[in-house]
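Here the structure comes first, spelled out in structure tokens, and everything after it is commentary.
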């Protein structure tokens, strides 16, 4: 005796067709593919110049012509070599000697000295270098203008101090700090700028550079 209950739709034709045809999954919705309208480039890749090592050679003269025709200029190579003007070999030994003295003064121990006294030798040597270049060009007329300007540009002389020496009353100025009112009391200049016949003390020393007198009349 069969206890399985028969399906009443087993012999139905529509039921058989439903079993043969796959059922669609209505839970997932299918959308048509999107078409994105992207903006067109301003310049097409075909119009841009393409340079490769195989087509253009920097060693061959033909490659250089093609680069110049396309409006491409090669950058200039900068070198660190300094072109010394004529007459430099005559003043170089003296300047090198003063530079060596400057290094010795900078490395000299400052034991037992005041803070301002440690800078006096450095100011003195800087003054000697500027005075040496100034005398060679303006007084002795032994160097050219090109060499004089070269020394100023390279820092072998203080151009601001030399500019003061060319003015009346400052021919023997020791340093620029001695004439700055903001560096002194009562907005005056240094005591070394006072002429000898007007000083109360005969022996003086500037606090900034150690000068003992740089007035023009002395």
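The values are calculated or read from the model by the stated rules, or taken from the named source; none is laboratory data. If you're wondering where the values come from, they're calculated on a predicted model, not measured in any experiment. Counting neighbours? That spans all protein chains shown, and the Cβs are built from the backbone with ideal geometry, glycine included.
When residues in the stretch 86-103 are screened for being in a helix (DSSP H, G or I) and surrounded by 14 or more Cβ atoms within 10 Å (Cβ to Cβ), 7 of them pass. Just wondering, is there one or more residues in the stretch 127-150 that are in a helix (DSSP H, G or I), touching a helix residue (DSSP H, G or I) at 6+ places or on another chain (Cβ under 7 Å) and either closer than 21 Å to residue 205 by Cβ or at pLDDT below 90 (or both)? Checking the stretch 127-150: at least one residue is in a helix (DSSP H, G or I), touching a helix residue (DSSP H, G or I) at 6+ places or on another chain (Cβ under 7 Å) and either closer than 21 Å to residue 205 by Cβ or at pLDDT below 90 (or both). Residues that are in contact with a helix residue (DSSP H, G or I) (Cβ under 7 Å, 6 or more places away or on another chain), outside any loop (DSSP other than H, G, I, E, B) and over 18 Å from residue 214 (Cα atoms) do not occur anywhere in the stretch 166-182.
For (1) surrounded by fewer than 18 Cβ atoms within 10 Å (Cβ to Cβ); (2) more than 30 Å from residue 89 (Cβ to Cβ), each residue gets a yes or a no:
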residue: 131; (1), (2): yes, no
residue: 135; (1), (2): yes, no
residue: 154; (1), (2): yes, no
residue: 161; (1), (2): no, no
residue: 167; (1), (2): yes, yes
residue: 181; (1), (2): yes, yes
residue: 192; (1), (2): no, yes
residue: 196; (1), (2): yes, yes
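Each residue in the stretch 167-195 was checked for being within 21 Å of residue 131 (Cβ to Cβ), touching a residue at least 12 places away in the same chain (Cβ under 8 Å) and more than 34 Å from the chain's Cα centre (by Cα), and 9 of them qualify.
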